[in-house]
Each structure stands twice: as C-alpha cells, then as structure tokens.
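This is the structure I want to talk about, given as structure tokens.
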Amino acid sequence: MDFHPQPPPGQPKSWAFPVPGRGAIASGLTVLRCHRPGQQVVAVQICLDMPLDAEPDGLDGIAAIMMGALAEGTSKHTAEEFAAEMERCGATLDASADYPGARVSLEVPVSRLPKALGLLAEALHTPTFPSSEIERLVRNRLDEIPLEMANPGRRAARQLAQELFPASARLSRPRGGTEDTVARIDAAGVRALYQAHVRPGRATAVIVGDLTGVDVDAVLAGTLGGWTGDAAEPVPMPPVTPAGTGRVVIVDRPGAVQTQLLIGRTGPDRHDRVWPALVLGTYCLGGTLTSRLDRVLREEKGYTYGVRAAQRVLRSPAPHAAGGAMGVSVIAISGSVDTASTGPALDDLWQVLRTLAAEGLTETERDTAVQNLVGVAPLRYERAASVAGTLADQVEQHLPDDYQAQLYARLAETGTRRGNSRGHRGVPGESPGQRSWLAMHLRSRPRCRPLASAKSG
C-alpha cells in the first residue's frame with residue numbers, strides 16, 4: 001500500500017495581541033474598535049465608570065440589581081418584548097457590576113449588528129426599571145445569598161475579604177450585597193443610581209469582530225449616538241489601607257468531610273512594574289496541574305484534587321488619581337482537602353511557600369510558564385469576545401491600549417531571581433530586585449491570611 005507522504009510542518013506565524021483603534025462619537029462615548037477578520041460574531045462591551053464605591057451607604061448590591069434591570073423594560077419594550085427582539089437578532093446580552101466598574105456585554109452576528117446596537121442603546125438610554133422587575137431581582141438575590149454561604153469556597157472568599165480590608169472599605173463586603181442591604185433596595189433607589197452614574201461621557205464602547213463592509217461610525221451614530229446625557233463626575237476613590245497583620249481564621253462547620261483552604265494577601269495592580277513577575281510566579285506556584293502546589297499536595301501526598309493560585313485586580317485607579325487612591329489586587333491560594341488531612345496539608349503548603357521564598361523559581365519553571373502563557377495566547381484569543389473582554393479590562397483598569405501586547409514581551413524578559421533577568425534584558429524602568437516580587441513578599445513580614453472553611457459532602 002502506498003501512503004501519501006507526510007506533509008512537512010509549516011512555519012509558525014507571528015502573533016501579537018491586537019491594539020485597538022481609539023475614537024469617540026458626538027455624545028462623548030469613547031469607542032475602541034478592533035477588526036478581526038473571520039470573526040462573524042461581533043462582541044461589544046460597554047464599560048461604565050461606576051465602581052462599587054458609587055453605591056449609597058447601606059445599599060450594597062444595588063449596582064448589580066440596576067445592571068441586571070437595564071434590559072427588564074424600556075420606553076419602547078417590556079421585558080418580554082425586549083428579550084424577544086434580542087432573540088430575533090441571534091444576540092446575547094449580559095450585564096454585571098464589580099469592584100472596578102460595571103459592564104454590559106453583547107454578542108451578535110455581524111449582519112444584525114445595527115439592530116442589536118439599537119436595542120443596547122435603548123437599554124442604556126431609556127430603561128424604565130419597573131417596580132415589579134426590581135422586586136423580582138431583589139427576591140432572586142435574597143435567595144442566592146444562603147446558597148453562597150453554604151458553598152465553602154464562596155464562604156471562605158467572603159471571610160478573606162473581611163480580614164484583608166477594613167469594614168469601612170467597599171472591598172471588604174460582597175459585590176452582590178448582604179441580606180440586610182439587598183432587602184432595602186427599591187426601584188426609586190435604582191433609578192437614582194442610574195441617573196447619577198450611567199452617562200456616555202463616562203463610558204467606553206469596545207467593538208471587536210470582522211468589520212469588513214461595516215460603516216462603524218454610521219452604525220454607532222445611528223444607535224449608541226442616541227444615548228445622551230450630561231457629563232457625570234468621577235466617583236471618588238477613598239484610600240484603602242489593607243490590614244498588615246497575618247492571622248488564622250477558622251470557620252467551623254461540624255460534621256464536614258472536607259476543609260476549604262484559602263490563603264491570601266494583597267498586592268499591586270497592573271500599573272506596577274512587577275506585575276509580569278507576579279504573573280509568572282503565581283503561575284508556577286499554582287496556575288496549572290504541574291505547578292509546585294499540585295505536585296506536592298495532589299501528586300505526592302494525595303490530599304486534594306487540586307490547589308490553585310491566582311491574582312485578581314480589585315481596584316485600579318488611573319495613575320496619579322486624585323485623592324491618593326492606590327491600586328490593589330488579591331493573590332490567593334485555594335483548594336479543598338479531606339478534613340483529617342487539614343493539618344498535614346497546611347504544613348506541606350507552607351513548606352512549598354518557604355522553599356519558593358528562599359530559593360526562587362528555577363529556569364525550567366520560568367521557561368515552561370512563559371511557553372504556556374505566551375504560546376496559548378493565540379488560542380485564548382481566537383474568539384472576538386475574549387479579545388473584547390481583555391480590552392474592557394484595560395479600559396476599566398486605566399491601562400494603555402497596547403498593555404496586553406506589551407505584557408507578553410515583558411513575560412519573556414522576566415528573570416527568576418533578584419539581580420537576574422532573562423538574557424540580561426530587563427523590563428524598561430524596572431530594577432533587578434523587582435523581578436522576584438513573589439519570592440520577596442513571601443519572605444516579608446507575614447500578611448497572609450490562612451482560612452479554613454469546611455463543608456460536608
């Protein structure tokens with residue numbers, strides 16, 4: 001039998017994260033657009049400069065309720081009619097509120113983009129916030145809270161926030177509010193929050209997809225151009241001083257067969273030059289199945305199905321922001337172990353951290369992390385929605401438009417130890433010692449908070 005000769009591999013194609021074009025429309029709405037050939041489903045993100053600090057005192061969770069109600073009735077459509085119109089477009093619409101800001105996300109086939117953008121503009125400009133819909137959303141949220149408290153991971157995360165930040169800081173309290181605060185929310189309060197903060201002059205639209213043959217300016221002018229409003233004042237960002245003392249907190253759950261472990265501390269935001277080193281260090285510590293924590297706690301000891309380490313930006317004001325507000329992230333290690341192994345698992349976990357603090361990363365670990373993080377990026381950003389989400393992150397965190405593209409280059413240049421960079425290439429403006437941020441801070445005074453939150457079954 002004759003076989004067709006095996007085709008030779010082709011040359012790898014160069015790839016870079018796309019840098020968007022920036023502009024604005026007459027209403028004051030900032031627009032970032034990114035042409036992605038072949039992406040026939042267009043992703044749109046509307047970033048509202050409305051951090052959770054904008055919520056009135058005692059009404060935690062009202063921003064989430066307001067965002068969820070944008071599509072629950074407008075001046076032209078009831079909630080049911082609006083949903084039906086979106087379905088006819090083949091579109092999906094989601095909205096959320098988080099500590100740094102609020103977003104509305106739209107995905108729609110490019111052929112139906114004008115119609116869907118018109119509906120989106122309607123939801124942003126003329127929502128009616130019917131009392132019946134607000135009451136329904138409040139009831140739904142009140143039903144969710146007991147389920148969250150019964151989930152060991154969510155319960156531990158809630159406790160960690162209370163330990164890391166003072167009670168006066170919005171960062172110390174759940175995004176969706178508590179039973180007490182949510183129960184106070186009504187339609188009048190939702191309308192007042194909307195009137196104060198949802199304005200095009202404090203918003204950015206991110207549009208990503210195959211825009212061939214689409215007159216984006218004309219489409220925007222005919223849809224989102226109708227969303228008007230006076231310029232809103234920026235939300236003041238009160239300074240937050242994280243607690244500086246390490247502690248152990250145990251949330252007792254009698255009869256539990258598993259213990260949820262959560263160890264966390266505060267860190268910088270992405271404006272800090274050490275961020276690439278933090279990304280690499282966190283990945284090597286617990287970002288994958290081959291990381292140090294999984295090798296010891298899962299593969300060698302069999303305590304857990306997996307332990308992960310990750311970092312998340314909670315606040316990222318613009319550089320030199322008024323009021324002296326600083327950016328802050330949380331770096332956390334989380335996983336569950338059987339209850340009987342809680343003590344030994346914590347001992348081994350701390351030993352992994354001490355070893356990393358004392359010795360730093362190996363060159364092999366660093367090379368593997370860079371290959372994985374940089375090599376998988378083209379797959380990660382195949383979809384327009386993924387690109388739009390990252391561009392929206394940059395907007396929300398006041399980062400340059402080319403930040404993500406530059407980050408991958410900086411990852412490749414980040415070394416493993418103090419005074420050492422890969423090939424003696426440093427990140428511009430970065431001192432040698434900043435490249436070992438994770439190891440240095442593991443050696444610094446204890447500020448980590450281990451939490452144990454057990455849950456049966």
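The values are calculated or read from the model by the stated rules, or taken from the named source; none is laboratory data. Note that the structure is a prediction, hence the values are computed from the model and not measured. Here the Cβ is made from the backbone with ideal geometry for all residues, glycine too, and neighbour counts use every protein chain on show. Areas reflect the complete protein model, heavy atoms only, side chains present, ligands, DNA and RNA absent. Shrake-Rupley method; radii C 1.70, N 1.55, O 1.52, S 1.80 Å.
Considering the options M326, A340, V313, tell which one lies farthest towards the positive end of the dipole of the chain, charges being +1 on Lys and Arg and -1 on Asp and Glu at the Cβ, about the Cα centre.
With unit charges placed on the Cβ atoms, the residue in question is A340.
Over the stretch 189-348, what relative contact order in percent results from Cα pairs under 8 Å that are six or more residues apart? Show your work: numbers first, answer last.
Values: 188 pairs, mean separation 39.8, N = 160.
It comes to 25 percent, rounded to a whole number.
Excluding ligands and nucleic acids, what accessible area in Å² is computed for T288 using a 1.4 Å probe, to the nearest 10?
Number for this one is 40 Å².
Turning to a different aspect of this structure: Give me the net charge for the shell around A169: Cβ to Cβ below 11 angstrom, other residues only, Lys and Arg +1, Asp and Glu -1. Please report the intermediate quantities before stating the final value.
Numbers: positive: R170, R173, R315; negative: D53.
After counting each charged neighbour, the total is +2.
Given a cut-off of under 8 Å on Cα pairs at least six residues apart, what relative contact order in percent is computed for the chain?
On the way: 852 pairs, mean separation 99.4, N = 457.
Worked out over the chain, it gives 22 percent.
Note down the Stokes-Einstein diffusion coefficient of the stretch 11-78 in µm²/s, whole number, using a Kirkwood radius over alpha carbon pairs, 4 °C, and 1.567 mPa s. Don't skip to the answer; put the middle values down first.
Values: Rh = 16.3 Å.
The estimated diffusion coefficient comes to 79 µm²/s.
Taking the Cβ of L289 as the centre, find all other residues whose Cβ is under 11 Å away and add up their charges (Lys, Arg: +1; Asp, Glu: -1).
Values: positive: R295, R298, R308; negative: D294, E299.
Combined, the nearby Lys, Arg, Asp and Glu give +1.
With a 1.4 Å probe and all protein chains in place, put L70, L93 in order of accessible area, largest first. The partial results should precede the final answer.
Numbers: L70 10, L93 50 Å².
The residues order as L93, L70, largest area first.
Let me ask something else about it. Below 12 Å, Cα to Cα, which aspartates and glutamates can K76 reach? Residues fewer than 8 away in the same chain don't count.
Reachable aspartates and glutamates: E85, E122.
Let me ask you something else. Identify, among L262, G226, T416, the residue whose Cα sits farthest towards the positive end of the charge dipole of the chain, taking +1 on the Cβ of Lys and Arg and -1 on the Cβ of Asp and Glu, with the dipole about the Cα centre.
Selected residue: T416.
Further question on the same structure: Which of P127, A161, A369 sits farthest toward the positive end of the charge dipole of the chain, with +1 on the Cβ of Lys and Arg and -1 on the Cβ of Asp and Glu?
After comparing all options, I get A369.
Given the whole protein assembly as supplied and a 1.4 Å probe, what does the accessible area of V235 come to in Å², nearest 10?
Looks like 20 Å² after rounding.
So which aspartates and glutamates can K13 reach, going by Cα to Cα under 17 Å and dropping same-chain residues fewer than 8 places off?
Answer for K13, where 17 Å is the Cα cut-off: E382, listed by chain and number.
Of the heavy-atom accessible surface of the chain (probe 1.4 angstrom), what whole percent is carbon and sulfur?
Values: 11220 of 21390 Å².
On the chain, the fraction of accessible area on carbon and sulfur atoms equals 52 percent.
If you work out percent of Cα pairs over 42 Å apart from the coordinates, which of (1) 33; (2) 9; (3) 21 do you get?
After the calculation, the listed value that fits is (3).
Per residue, how large is the accessible surface of the chain? Use a 1.4 angstrom probe and give square angstrom. Could you put the intermediate results ahead of the total?
Values: 21390 Å² over 457 residues.
Heavy-atom accessible area per residue stands at 47 Å².
Is there a quick way to get the dipole size of the stretch 49-115? I mean about its Cα centre, with the Cβ of Lys and Arg at +1 and of Asp and Glu at -1; what is the value in debye to the nearest 20? Show your work: numbers first, answer last.
Values: 5 positive and 13 negative charges, 102 e Å.
So the magnitude is around 500 debye.
How high is the relative contact order of the stretch 114-232, in percent, counting Cα pairs under 8 Å that sit 6 or more residues apart?
On the way: 75 pairs, mean separation 48.3, N = 119.
About 41 percent, as a whole number.
I would also like to ask the following. Assign unit charges at the C-beta atoms only (+1 for Lys and Arg, -1 for Asp and Glu), then state the dipole size of the chain relative to its Cα centre in Debye, rounded to the nearest 20. Please report the intermediate quantities before stating the final value.
Numbers: 49 positive and 49 negative charges, 299 e Å.
Here the size comes out at about 1440 debye.
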